[in-house]
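Visitor: Got a structure here, written out as structure tokens. Questions coming.
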Amino acid sequence: MSSNLTEETVTAAVRQTFDNAGDPRFREVLVALVQHLHDFAREVRLTGDEWFTAMDFLERVGKISTPTRQEVVLLSDILGLSMLVDKINQHTESSTTDSALLGPFYVEGRPSADNGSDISDSVRGTPMFVTGRVLDEDGHPIAGAKVDTWHSDGEGFYDVQQTEKLHDQFAMRALLTTDDDGRFWYRSIAPRYYPVPTDGPCGEILRAANRSPMRPQHVHFWFTANGYQPLITQLFWRDDPYIGHDAVFADQDSLMADFVRHEPGLAPDGTSVDEPFVTLDWAFTLAAE
Ligand code: BEZ
Ligand code: FE
């Protein structure tokens with residue numbers, strides 16, 4: 001079959017090739033993707049050189065990616081697509097805690113910990129005591145909820161970024177379970193603002209755009225509980241200098257928290273601390289399934 005495609009007709013020709021797709025959602029998404037990609041190329045009058053540069057870029061994004069170096073996720077994050085997908089799919093109830101993206105430093109297989117544990121795994125830093133409650137929309141505690149938490153050290157590095165120094169040990173991350181009162185609590189060290197990885201292809205985009213790679217100080221949480229929608233979110237230190245300039249657009253007003261500084265003394269877990277420490281306390285509300 002011969003064809004006489006033009007800049008205008010090629011789009012319809014490609015769209016048509018999905019007509020027989022068995023899965024209607026697959027067809028809908030792919031047809032829209034083709035349409036928007038083609039419209040994009042027409043709009044910017046994409047040159048062959050530019051497209052080869054872009055394909056080389058995507059290939060490098062794929063090649064540098066590993067389970068602990070997730071450049072594909074990072075690309076989605078710095079383009080704001082991760083936050084967009086988050087917002088599109090977020091429950092709308094105003095009483096529930098807003099979600100924020102997972103990020104590339106979540107790791108499966110993190111250790112379980114009892115409430116009250118020190119999850120810093122001996123990494124040094126300013127002691128931080130986190131206390132939280134997990135509630136339903138009526139304010140009732142959710143017992144037995146799983147609380148996955150992870151954060152950087154006081155220099156802005158996650159454990160997976162310093163595997164040699166930490167001898168592949170997990171640190172500053174753990175899986176906890178809420179008690180009968182929906183409470184969880186742990187000790188760790190205060191995190192700090194940090195740059196997203198800039199030594200890969202995504203760094204090229206940030207530099208070319210003169211964009212800051214920084215993320216304001218935050219702690220990650222991922223809640224799961226029977227009968228409730230999972231919640232992936234982050235809490236930010238409201239006074240961080242990078243609030244309002246998060247490289248991945250996750251720093252929402254509703255997730256601004258106080259990382260309260262204390263002089264040496266009694267910590268929330270009743271222990272005595274002989275150096276300044278930080279406390280973080282928050283009530284998280286999950287949406288019913
Ligand atoms: C993070 O918060 O861990 C993160 C999120 C997106 C990109 C880089 C890091
Ligand atoms: Fe993070």
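The values are calculated or read from the model by the stated rules, or taken from the named source; none is laboratory data. On a predicted model such as this, the values are computed, not experimentally measured, just so you know. Note that each Cβ is placed from the backbone with ideal geometry, even for glycine, and that neighbours are counted across all protein chains shown. Remember, those area values only see protein heavy atoms, side chains included, never the ligands or the DNA or RNA. Shrake-Rupley method; radii C 1.70, N 1.55, O 1.52, S 1.80 Å.
Visitor: Picking from 276, 268, which residue would you name as being at pLDDT 95 or above and either open to solvent by 10 Å² or more (accessible area, probe 1.4 Å) or within 16 Å of ligand 1 (Cβ to nearest atom) (or both)?
Guide: 276
Visitor: OK, next. Just name the residue that is surrounded by the fewest Cβ atoms within 10 Å (Cβ to Cβ) out of those in the stretch 95-105 that are small (Gly, Ala, Ser) and within 14 Å of ligand 1 (Cβ to nearest atom). Write out each step before concluding.
Guide: Step one: list which residues in the stretch 95-105 are small (Gly, Ala, Ser), which gives 95, 99-100, 103.
Now restrict to residues that are within 14 Å of ligand 1 (Cβ to nearest atom): 99-100, 103.
On the way: 99: 23, 100: 27, 103: 21.
Of everything passing the filter in the stretch 95-105, 103 is surrounded by the fewest Cβ atoms within 10 Å (Cβ to Cβ).
Visitor: Look through 248, 260 and report the one residue that is open to solvent by less than 10 Å² (accessible area, probe 1.4 Å) and either modelled with pLDDT of 95 or more or at positive phi (or both).
Guide: The conditions single out 248.
Visitor: Additional query: Could you tell me whether residue 125 is in a loop (DSSP other than H, G, I, E, B), buried (at least 16 other Cβ atoms within 10 Å of the Cβ) and within 16 Å of ligand 1 (Cβ to nearest atom)?
Guide: Criteria not met by residue 125.
Visitor: From the list 108, 155, pick out the single residue that is within 16 Å of ligand 1 (Cβ to nearest atom), open to solvent by 10 Å² or more (accessible area, probe 1.4 Å), assigned to a loop (DSSP other than H, G, I, E, B) and without any contact (Cβ under 8 Å) to a residue 12 or more places away in the chain. Spell out the reasoning first.
Guide: On the way: 155 fails: without any contact (Cβ under 8 Å) to a residue 12 or more places away in the chain.
Going through 108, 155 in turn, just one is within 16 Å of ligand 1 (Cβ to nearest atom), open to solvent by 10 Å² or more (accessible area, probe 1.4 Å), assigned to a loop (DSSP other than H, G, I, E, B) and without any contact (Cβ under 8 Å) to a residue 12 or more places away in the chain: 108.
Visitor: Give me the pairs, please: first residue somewhere in the stretch 70-87 and at positive phi, second residue anywhere and within 14 Å of ligand 2 (Cβ to nearest atom), beta-carbon distance under 9 Å, and either six or more positions apart or on two chains.
Guide: Filtered contacts from the stretch 70-87: 80/248; 80/249.
Visitor: So residue 222 passes all but one of these: (1) within 15 Å of the chain's Cα centre (by Cα); (2) crowded, with 19+ Cβ neighbours inside 10 Å. Which condition number does it fail?
Guide: (2)
Visitor: What are the residues in the stretch 164-208 that are of a type in the set (Ser, Thr, Tyr) and either assigned to a loop (DSSP other than H, G, I, E, B) or more than 16 Å from ligand 2 (Cβ to nearest atom) (or both), if any?
Guide: Once the filter is applied, which keeps residues that are of a type in the set (Ser, Thr, Tyr) and either assigned to a loop (DSSP other than H, G, I, E, B) or more than 16 Å from ligand 2 (Cβ to nearest atom) (or both), the stretch 164-208 yields 177, 178, 186, 193, 198.
Table: residues versus (1) closer than 22 Å to residue 204 by Cα; (2) in contact with a Gly (Cβ under 8 Å, 6 or more places away or on another chain).
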{"position": "6", "(1), (2)": "no, no"}
{"position": "11", "(1), (2)": "no, no"}
{"position": "23", "(1), (2)": "no, no"}
{"position": "28", "(1), (2)": "no, no"}
{"position": "35", "(1), (2)": "no, no"}
{"position": "42", "(1), (2)": "no, no"}
{"position": "48", "(1), (2)": "yes, no"}
{"position": "72", "(1), (2)": "yes, yes"}
{"position": "78", "(1), (2)": "yes, no"}
